[in-house]
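The values are calculated or read from the model by the stated rules, or taken from the named source; none is laboratory data. Computed from a predicted structure; not experimentally measured. Counting neighbours? That spans all protein chains shown, and the Cβs are built from the backbone with ideal geometry, glycine included.
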Amino acid sequence: MIYIFFYNKETFKYIGADTIADDTQVPANATLVEPVDENGVGLYDPAWNTETQTWTGISESEWLKKHGVVEEPSLEQKLQAKQTVLIAGLAKDVKTLQGAVKTLVMQNAMNAKGDK
């Protein structure tokens, strides 16, 4: 069994890998060359170069720009978000309690009128 690496016939972008028997012919849109750099490290967005019979890629910074990596919020940002949710919940509770107090005041006023 040998590994083969597929590329798109139009864009030449890497699309996956598979294994084939040693005596099987490599498909037209595949190669035996692994998509890694000269140090054996995988490439970002590898594309097959038919002239040089090598894979080329882009830099990590180019890949990050292209794919827009979402950053993890800092601990401070997470705590601030939790506090905001807590404050919103407390504000809702205050409004509920204000309504209850208003109702009790009205009931007391009505009871006081009835006692006279």
Within segment 29-46, work out how many residues are modelled with pLDDT of 95 or more and exposed (fewer than 10 other Cβ atoms within 10 Å of the Cβ).
0
Select, from Asp23, Asp115, Asp18, Asp93, the only residue that is acidic (Asp, Glu) and in contact with a strand residue (DSSP E or B) (Cβ under 8 Å, 6 or more places away or on another chain).
Asp18
Exclusive hit being modelled with pLDDT of 95 or more and within 25 Å of the chain's Cα centre (by Cα), set Lys13, Lys82:
Lys13
May I ask you to verify whether Ala47 is farther than 30 Å from Glu10 by Cα and more than 21 Å from the chain's Cα centre (by Cα)?
no
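Residues checked against (1) charged (D, E, K, R); (2) surrounded by 10 or more Cβ atoms within 10 Å (Cβ to Cβ); (3) closer than 30 Å to Val36 by Cβ; (4) outside the structural domain of Ala47 (by TED's automatic domain parsing):
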{"position": "Ser61", "(1), (2), (3), (4)": "no, no, yes, no"}
{"position": "Leu79", "(1), (2), (3), (4)": "no, yes, no, yes"}
{"position": "Ile87", "(1), (2), (3), (4)": "no, yes, no, yes"}
{"position": "Lys92", "(1), (2), (3), (4)": "yes, yes, no, yes"}
{"position": "Thr103", "(1), (2), (3), (4)": "no, yes, no, yes"}
{"position": "Gln107", "(1), (2), (3), (4)": "no, yes, no, yes"}
